[in-house]
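Since the structure comes first, as structure tokens, the remarks are kept for the end.
The values are calculated or read from the model by the stated rules, or taken from the named source; none is laboratory data. What you are looking at is a predicted structure, and each value in this text was computed from that prediction instead of being measured. For neighbour counting, all protein chains shown are included, and Cβ atoms are generated from backbone atoms with ideal geometry for every residue, glycine included. Accessible surface areas use protein heavy atoms only, side chains included; no ligands, DNA or RNA. Shrake-Rupley method; radii C 1.70, N 1.55, O 1.52, S 1.80 Å.
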There are 2 protein chains.
Amino acid sequence: MRGPSVLVIGTGSIGCCYVYLLTKGGCKVTAVCRSNYDAISSSGIHIQSPEHVWGNVHCTPHRVVRKTQECQETFDYVLVCAKTFPERASFVEDIRPVLGKDTLIVLIQNGIGIEEPYQAAFPGQVISGVVYLPVSQPQPGHCSVKGPDILELGTFPASPPPPSLKRLESRLLAGGAHVACFEDIQARRWKKSIINACWNPLAALCLNTDSDFIHCHPEAPNVLRATMHEVAAVATKLGYPLGDAEIEEQVTRAFTRAKHGTGIKMSMLADVENGSPMEVEAVVGNIVRIAREQGIQTPRLEMLWMLAHAKDQHLTGKKQ
Amino acid sequence: MRGPSVLVIGTGSIGCCYVYLLTKGGCKVTAVCRSNYDAISSSGIHIQSPEHVWGNVHCTPHRVVRKTQECQETFDYVLVCAKTFPERASFVEDIRPVLGKDTLIVLIQNGIGIEEPYQAAFPGQVISGVVYLPVSQPQPGHCSVKGPDILELGTFPASPPPPSLKRLESRLLAGGAHVACFEDIQARRWKKSIINACWNPLAALCLNTDSDFIHCHPEAPNVLRATMHEVAAVATKLGYPLGDAEIEEQVTRAFTRAKHGTGIKMSMLADVENGSPMEVEAVVGNIVRIAREQGIQTPRLEMLWMLAHAKDQHLTGKKQ
């Protein structure tokens, strides 16, 4: 049986991992590569990971292109793994020519409210994905995975997973991924936002791991909890109840990692270290905007939002 | 007439300026120097400043010592210009042997609540000073002043300035300082805290000037205002009313500096650049503590407080 065809856009560290998992799962994968085009087109993707994850592996995509426009075909699935920036148009126009009427667009991206532009252009074709995958790409085409992957998928807006999504899930499972489908993926997205919206800017601003932050002062865990409660209040108001239990789960994780000396370097801290722009709006700003619409006060998130913008401006020289 | 004798403790950039101003005003100044002892004992203090401030000047203290304990005498005035850290004992025991019964202890330091340990040990001898003086010490004994000095002095606790304080004021005025005495200096200290408690951690976390911060996002001025309002609410509750007028004055200043490209590098940002510890507790933490006692919510200040601690920990490797 010929495997499904997949286009992966945004072949950063996360994108590279899905090229690998889908190729291993029998898909025909085309990778859109920018800065790592030469490396990946000449020698494929190399991934180092612990034995209990995938070990040290290598894969060669079916095809490597520099731009979506080079593809004169439509795909069964288009995975968008790029970062989300409001000032950069989404890939809506780029992907239009490569979409068939049954193509699923799978957004494997951080943040809240990232699906809207795709949904407006291609209703019924949008899949929202929430990923947990600690990975970096220290050199082009060479990735380093520190822990196991989790991918959570669901339609946008919420509905039971269609057969085409279940087929993708099977391929990913066959490739070794940890993946699950949900009837309402936004509940999972909000749960991850408790971590994302708090830990990411905290790490980027202080340049430390979660474990270091939580131990910097006896009050630090309480400030963290209060910030997480702001995210949870917005989620709860939207019908995705999150509260003390989910927050304590996250705080406890940080304490456990601190105990074992395995504090996590959040992705925004990696951005700061690389001088790359941070997804401030998708990860924090959109939550603040929804909070305002819902009449919820988020003073701590607003502070992190502005500080992250100021830091981003300092790093990238960007002016508004 | 023999001038009064003054001991200056903490001969950083601010301390150097007061050694200069007091020497020029006819005082007999002893400087306690640590890292800049060699430079100042061999070639004095050099200060570069704009013509409308003091121009480029030089002075030689009457005596330079490494420790207060080397001084076998009492002074008319002891100026404490060192940074304030809770984990470092104040100079209470150091200065005990050099105090006569009429010696005034003049604290030229940032923050709130810095006077208590001195007042407890030497009641009736404590003068609280609030200084505005943009100065750095790029190399030992060489200071660079960017704008005019302002020094505000008053007794702690509040009472009319005693004759001995007026005499110090006269000497400082004779030396070219801009100095004024107040019946209740805490009102001035709280006014400065609007700037200190907000701008300092913001700058240290984002590594930018006030002008850059205020332009990083259209919402930045509002987040700044809201944070300043938290400080103002605490001050107002304590009987030092501060509100919209004082806050707009500060926000307007930042916009004006932005317009002229003269954004200010706050002292905590200089600390970050030098890898020096920041006065997080004196400048932010003590305000949060007073707010709690007074039943006032300060979520934005609490966030800045913790972020500044985490940044401080990252910089100095300090663990709590």
*Efficiency of FRET from Cβ geometry, A:GLU93 and A:ARG167, R₀ 30 Å, rounded to 0.05*: 0.65
*What are the label-to-label distances in nm, one decimal and shortest first, from B:ALA226 to the same spot in the other copies, with labels 7 Å along Cα to Cβ?*
1.3
*For segment B:5-183, with only Lys/Arg (+1) and Asp/Glu (-1) charged at the beta-carbon, what is the dipole magnitude about the Cα centre, in debye rounded to 20?*
340
_Ascending list, in nanometres, of distances separating the A:GLY275 label from those of the other copies (7 Å, Cα toward Cβ)_ = 2.1
*asked:* Please report the antiparallel percentage of the DSSP beta bridges confined to the protein assembly as shown, to the nearest 5.
replied: 30
*For chain A, report the convex hull volume of the alpha-carbon atoms normalised per residue, in Å³, without decimals.*
134
*Any idea how far apart B:ASP102 and A:LYS146 come out in nm if each label point goes 7 Å out from Cα toward Cβ?*
6.5
_Cα-derived Rg over Rh, computed across segment B:221-275 with Rh taken as Kirkwood radius_ = 1.07
_Nearest-ten-degree value, helix B:185-206 long axis tilted from longest Cα axis of chain B_ = 60
_Share of carbon and sulfur in the accessible heavy-atom surface of the protein assembly as shown [1.4 Å probe, %]_ = 53
*List for segment B:210-236: residues with 50 Å² or greater reduction in accessible area, all protein chains versus chain alone, probe 1.4 Å?*
B:CYS216, B:HIS217, B:GLU219, B:VAL223
*Determine the per residue accessible area of segment A:5-183 with all protein chains present and a 1.4 angstrom probe, expressed in square angstrom.*
42
_Based on alpha-carbon atoms only, what is the radius of gyration of segment B:5-183 relative to the globular estimate 2.2 N^0.38 Å?_
0.95
*So what's the protein assembly as shown giving for Cα Rg divided by 2.2 N^0.38 Å, two decimals?*
1.15
_Distant alpha-carbon pairs in segment A:3-105 (separation over 24 angstrom), percent_ = 20
*With every protein chain left in place, what is the accessible area of B:TRP54 in Å² (1.4 Å probe, nearest 10)?*
30
_Could you tell me how many cubic angstrom of Cα convex hull volume segment B:11-52 has per residue?_
79
*asked:* Working only with C-alpha atoms, what are the Rg and Dmax values of segment B:224-320, expressed in angstrom?
replied: 15.1, 42
*Provide the descending list of Cα extents for segment A:165-289 along its principal axes, expressed in whole angstroms.*
48, 34, 30
*Output the relative contact order of segment A:91-227, whole-number percent, from Cα pairs under 8 angstrom with separation of 6+ residues.*
18
*When all protein chains stay in place, what accessible area (Å², nearest 10, 1.4 Å probe) is found for A:ASP38?*
100
*asked:* Can you give me the orientation-averaged projected area of the convex hull built on the Cα atoms of segment B:36-75, in nm²?
replied: 3.7
*What accessible surface, in Å², does a 1.4 Å probe find on B:VAL78, ignoring ligands, DNA and RNA and rounding to the nearest 10?*
0
*Report the full-extension gain for the segment A:ASN56 to A:ALA180: residue separation times 0.36 nm, less the Cα-Cα distance, to one decimal in nm.*
42.2 nm
*Taking N as the number of residues in segment B:110-220, what value does Rg over Cα atoms divided by 2.2 N^0.38 Å take?*
1.28
*So what is the calculated 222 nm ellipticity per residue for chain A, using -39500 (n - 2.57) for each DSSP H run with n of 4 or more, over all residues, to the nearest 500 deg cm²/dmol?*
-13000 deg cm²/dmol
_Roughly how large is the B-A contact in terms of buried accessible area, totalled over both chains, probe 1.4 Å, nearest 100 Å²?_
3000
*May I ask for the equivalent-ellipsoid semi-axes of segment B:166-240, computed as the square root of five times each C-alpha gyration tensor eigenvalue and listed largest first in whole Å?*
31, 18, 8
*Relative contact order of chain A: what whole-number percent is it, with Cα pairs under 8 angstrom and at least 6 residues apart?*
15
